[in-house]
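For reference, the structure is listed below as structure tokens.
FYI, it's all coordinate maths here, none of it is from the lab. Just so we're clear, the structure is a prediction, and the values are computed from it rather than from any experiment. Cβ placement follows ideal geometry from the backbone for every residue including glycine, while neighbour counts extend to all protein chains displayed.
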């Protein structure tokens, strides 16, 4: 149990990837706060996972302050922050409304900023105990290369990547490590929405055929599970990763290691 | 306006393709160009272009080439070969060929010419998008281009400020090789269409597209550019290999 005695906050903790991180952290012995808009998050149902639910809208400064006050009162320190809350607007910039653009940045970029900003005092305290504290942001392979029709999403993830490096520089001296995980295709409600969304299914394929075609483009011939992502988050959160900071960790089954796969 | 007036350039592998495009552009910009290759002078090489027979993979031949050519201002390492195989299928001969030309060849020419390059000279290596992301069944080629990228940074660091060194990473450039690839497909028309859809420019590159960047990197306008890779691929590697609209 490599997170024994540690306290963690996971935003989007009741969503596709967040839920798996919460479950893994619990198994590794951490006390976990799962923050999300609702108890169920983006999943239809929520099974009791031993985490403490915090109602948190990451775009709201007051919510971030309240969440940290609660953790300060109950524990007093925070060792691990995972900024997993995120949304995806499936449009080009021409189709994207200003409202959708602003919402994308509010959740994906500003949310990471706000939660981290108010978590820092608690994380500094944790780090002063001699082990490093760890912030894990959610970038995306889309922050490096673009999927068509995901313009605002790609831009927010690029912002998270740069913010990750900036935070690592600023807070490394305080014993706080900051990294970003950049997932590729992971089986989540967000991915299923992408498959069923407008313009994603070309050539009259069924969803199953479309999913298989996507798997086939990957060198590993599959896309990831939330648990695959949680495996790396868990390591980055642990003291084994004490020298890892300021990095963007791509976890995509080799997808972005290859060039375009022409049908020759 | 001729941007390379009075400059002396060596472009390896100028017989055809990208190398030929670069030497044409250099000459149009006023440079004096020498190119080289393994055989005899090509009949269609412009008269003003000097030809030297040399195999870049052979250090003795390259040393002799450098002593014949003398001082230069621009070196373009363009000569390259590719073998379409995985690691498991690659033979020792494949290794000698690909690594010999693409890696040792670049090393040979850089080492031979560095001591006789003018102050402010520019080395331009032809890397590849394949040195950054992998083309399937091109293992030695991909690795050889990553070597070129690493050597580019090292030369920039070690030999600045007197010499600048950059790499150009071309994507799919229209050469005989590209057309031959489509002809091998079961459905050449569909294959071509699919490949075009994966380029934001909706066209493949031309040697002149690469030459345009080479001219800039060779010119004094690029005086602060060194140690970098310049990808010219019509936007192909900016996009994810998953494009569900094409499935």
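Just a few scattered comments:
- Dividing the mean sequence gap of close Cα pairs (under 8 Å, 6+ apart) by how many residues chain A holds gives a relative contact order of 20 percent.
- Between residue A:170 and residue B:137, the modelled label-to-label distance comes to 5.1 nm, taking each label 7 Å out from Cα in the direction of the beta carbon.
- Helix-only mean residue ellipticity at 222 nm for the protein assembly as shown, each DSSP H run of n ≥ 4 adding -39500 (n - 2.57), per residue, nearest 500: -11500 deg cm²/dmol
- Between the helical axis of B:17-28 and the longest alpha-carbon principal axis of chain B there is an angle of about 40 degrees.
- Extent of chain B along its three principal axes (Cα atoms, max minus min coordinate, largest first): 54, 44, 39 Å.
- All alpha carbon pair distances within the stretch A:15-174 were sorted into 10 Å bins beginning at 0; the resulting P(r) in whole percents reads 10, 37, 37, 14, 2, 0.
- On the basis of the beta-carbon distance and an R0 of 35 Å, residue B:118 and residue B:47 show a calculated FRET efficiency of 0.90.
- A full extension of the chain between residue B:92 and residue B:206 corresponds to an added length of 37.8 nm, given 0.36 nm per residue minus the alpha carbon distance.
- Cα coordinate range in the stretch A:151-241, projected on the principal axes (Å, largest first): 54, 28, 22
- Compactness of the stretch B:153-213 - radius of gyration and Dmax, Cα, Å: 16.8, 52
- Kirkwood radius, the protein assembly as shown, all distinct C-alpha pairs, inverse of mean reciprocal distance: 25.5 Å.
- Rounded tilt (10° steps) of B:207-218 against the dominant C-alpha axis of chain B: 40 degrees
- The stretch A:1-101, relative contact order [Cα under 8 Å, separation at least 6], %: 31 percent
- Highest mobility in the GNM of chain B, judged by mean-square fluctuation with C-alpha springs under 10 Å and restricted to B:28, B:48, B:139, is found for B:48.
- GNM flexibility winner over chain B from B:110, B:169, B:49 (Cα, springs under 10 Å): B:49
- Both radii come from the Cα set of the stretch B:36-152: Rg as radius of gyration, Rh as Kirkwood radius; their ratio Rg/Rh reads 1.00.
- For the stretch A:33-77, Kirkwood radius (reciprocal of mean inverse C-alpha pair distance, Å): 11.3 Å
- Considering only A:210, A:56, A:98, the mean-square fluctuation computed in a Gaussian network model of chain A, springs between alpha carbons under 10 angstrom, is largest for A:98.
- Span from the the stretch B:180-247 Cα centroid across to the the stretch A:146-189 one, whole angstrom: 27 Å
- Principal semi-axes of the equivalent ellipsoid, √(5λ) from the alpha carbon gyration tensor of the stretch B:185-234, are 32, 10, 8 Å from largest down.
- With R₀ fixed at 60 Å, the C-beta to C-beta distance from residue B:220 to residue A:48 puts the FRET efficiency at about 0.30.
- Relative contact order %, the stretch B:62-131, counting alpha carbon pairs below 8 Å whose residues are six or more apart: 57 percent
- Against the main long axis of the alpha-carbon atoms of chain B, helix B:188-197 sits at an angle near 70°.
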